[in-house]
Amino acid sequence: MFLVTNNPQIQIKYRQLDVECIDGSVIDLLTKVRDYIHRGHCLITHPLSGSLKPGKIPYKTVILARTKNRLDQSSLVYIENSIEAYSKTVSASPGCRSDEILEDYARVDLSHVEAALAGFGI
């Protein structure tokens, strides 16, 4: 498995894992994940995990399986639906977010990843 993230807290905490860091927004990350799915990798975690609106969050981490098999249709449907949901909820102007608020968003994403990895004994 490998993680695709734009969350700096994930990059720090999980250095020992296979982590691809995206320098960009959540839509950049979702697009990159879609590219991986088109290459045969499969989703392990849902791209819209958590209860926050996807277009309102600045950080996201998705875990994928390194399978490189044929295209997994359910992973493709999930990522396409996630991109659509993001597009429907994103603001033209995200507004000013303090460092404390950004850190809180990063912690929320980190907690989702910790819970998912705990299922794998990590």
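The values are calculated or read from the model by the stated rules, or taken from the named source; none is laboratory data. What you are looking at is a predicted structure, and each value in this text was computed from that prediction instead of being measured. A quick note on method: Cβ atoms are made from the backbone with ideal geometry, for glycine too, and the neighbour counts reach across all protein chains shown.
Quick notes on this one:
- Contacts under 6 angstrom Cβ, first residue in the range 1-12 being farther than 12 Å from Leu110 by Cβ and without any contact (Cβ under 8 Å) to a residue 60 or more places away in the chain, partner in a loop (DSSP other than H, G, I, E, B) and β-branched (Val, Ile, Thr), 6 or more apart: Asn6/Ile22
- Lone qualifier among Ser91, Ser82, Ser75 - being more than 12 Å from the chain's Cα centre (by Cα) and part of a helix (DSSP H, G or I): Ser75
- Pairing each residue of the range 41-63 that is of a type in the set (S, T, N, Q) with any residue that is part of a strand (DSSP E or B) and at pLDDT 95 or above, provided the two are 6+ apart or on different chains, yields C-beta distances under 8 Å for Thr45/Thr61; Thr45/Val62; Thr45/Ile63; Thr61/Leu3; Thr61/Val4; Thr61/Thr5.
- Candidates Asp72, Asp109: the one that is farther than 18 Å from Ile27 by Cβ, surrounded by 15 or more Cβ atoms within 10 Å (Cβ to Cβ) and not hydrophobic (A, V, I, L, M, F, W, C) is Asp72.
- First in the range 65-80 and within 10 Å of Gly40 (Cβ to Cβ) and at pLDDT below 95, second anywhere and of a type in the set (A, V, I, L, M) and in a loop (DSSP other than H, G, I, E, B), Cβ under 7 Å, 6 or more apart: Arg66/Met1
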